[in-house]
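Taken together, the values in this text are just the output of simple stated rules run on the coordinates, not laboratory data. Note that the structure is predicted; figures quoted are calculated from it, not measured. Positions of Cβ are backbone-derived with ideal geometry, glycine not excepted, and every protein chain shown enters the neighbour counts.
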Amino acid sequence: MWFLALVSCAAPGPLAARAAWIQEQLTADNAYWLTRSHARVEDKYATMAADPYDWMRGSNALFLADQLRPDPARPRTRFLTVPDAASILTIGDPHLENLGTSLPGDEPDPHEATSLAATAPLPLEWVDLDAAAFGPWTFDTRRAALSLALVADGADGCAACAEDVVSAFAYGYADEIEALDAGEAGWPADGEDIGGGAIVASLRETARADGLATAELDSFSVVEADAAGIGRRRLALDAAVDGQGDGVLPFGPSDAARLERVLAGWTVGRPADLRVLDAARQYGRGVASQPATRFVVLWDRGGSDLDDDRLLNVREVVDPPSIDGIYPGLGSVYANNAERIAAVTATFRTRPDADVRAGAVADGAAAFKTTSLSGWFTTFDHGDIARAVVLKLATPEDLAAFGETMGRALASAHARGTTLNGAPSLGVVAADLAAGGGPDAFAAERVRDATSDLATLRVDLPLFQSLLDQYGPLLGAEILAP
């Protein structure tokens, strides 16, 4: 609360100015959501205020805008000197919780899953590409490095290893770019030698166990006997969202019609024999996308038993953060967000069948993406990683190995993309990396900036919390009526 007193009572100064800028940037970034539902934005802000990592996740636009603010005291990058280095196709928000396992091909029926468990490659993929657009390749690497530094900082007894983790990430990224540019095979996203130590191995084991046990399906649904005594599955609905804004609720007035339109327009990834068994609205998932419209669809292929029951996630996608100078030209490249998501998904995933339900649909001015909702598809969790290190289930060396693998995964994704002008990104990034001093200079810069970004985050989160106390749960933006 000392921040609140300082910001509200003291003469205007750097912290007060920073707080005002945070308020301005977050309100602009959430203006679309504020005209939709104040309650959902309140839930999003509450989530961001409760956890440093969730604050980072929900404030990507702020993070990006910070990189462009004129600041003579900020150390300059040694990179972005080669033409097009500032306009490659980027993931946009490659923090570690946006990386996870996938299951190539169709999800198996339960009686087939046991044999699959030992052989399924479960490649690592970047799973949330909502912020993907053209921009500087260094911004992606800086965002990823901050997420690793933040997790290391949150693991008791491992704060000092943050530099090692970020350095491992940077060398992994640089080594992968150089190897691919030299024509070498590169990182095996679906191989047993994928790297990542105990942290990656644990996530793969969890995904296999949850996939075998149909954990997601069972958590979202219940089986009830029909009039003939035959078991039928339906979604388990909540009466209302809980105190954290989470819940699976019945449709609102326009939801059924909207989902019907989206499913009718769904082509890529849609089973020819799709039969919708049940559907509902889901609230409380994600952080930046928490206010987005999200549907859970229970479906099958028309079978008479429960073995082919599956879940589908359908979620609204909006524009990436609108920061002048970072993401030019989107309108000239993609007709709408559905086309953008379809294109970047095809570009960035390591294999075309990584999620066979991945698709995108335009619904008027809105856009929705479809993805599998299953235990086979599991993402890293910052809290789980920190706890594993604290409990000595993973070592600082495992965390560094995970950082290296994350660097290689990001470099591999960048290498598959193009620049805004259509040239392959790989050669541009490789040339820019070399011009800036190579892997050693890149690693030193990522460590330097991660240290600085982490210090900024430690100041910004209390400022944000104080703004909520001072201006209310919408930061004073109630004038933007839903």
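Quick notes on this one:
- Alpha-carbon centroids, the stretch 257-283 and the stretch 150-205: separation in whole Å: 37 Å
- Alpha-carbon centroids, the stretch 372-390 and the stretch 51-121: separation in whole Å: 15 Å
- Calculated over the chain, the projected area of the Cα convex hull averaged across directions stands at 23.6 nm².
- Residue separation of Ala46 and Gln470 scaled by 0.36 nm, minus their Cα-Cα distance, works out to 151.2 nm of gained length.
- Residues of the stretch 301-319 with an amide N closer than 17 Å to a point placed 7 Å from the Cα of Ala227 along the Cα-to-Cβ direction: none.
- Our summary gives the chain a relative contact order of 30 percent, counting only alpha carbon pairs under 8 angstrom and 6 or more residues apart.
- Using the rule -39500 (n - 2.57) for each DSSP H run of four or more residues, divided by the residues of the chain, the 222 nm mean residue ellipticity is -14500 deg cm²/dmol.
- Separation of the Ala365 and Asp305 label points, Cα + 7 Å toward Cβ, nm: 5.0 nm
- Ser452-Thr347 FRET efficiency (beta carbon distance; Förster radius 25 Å; 0.05 resolution): 0.20
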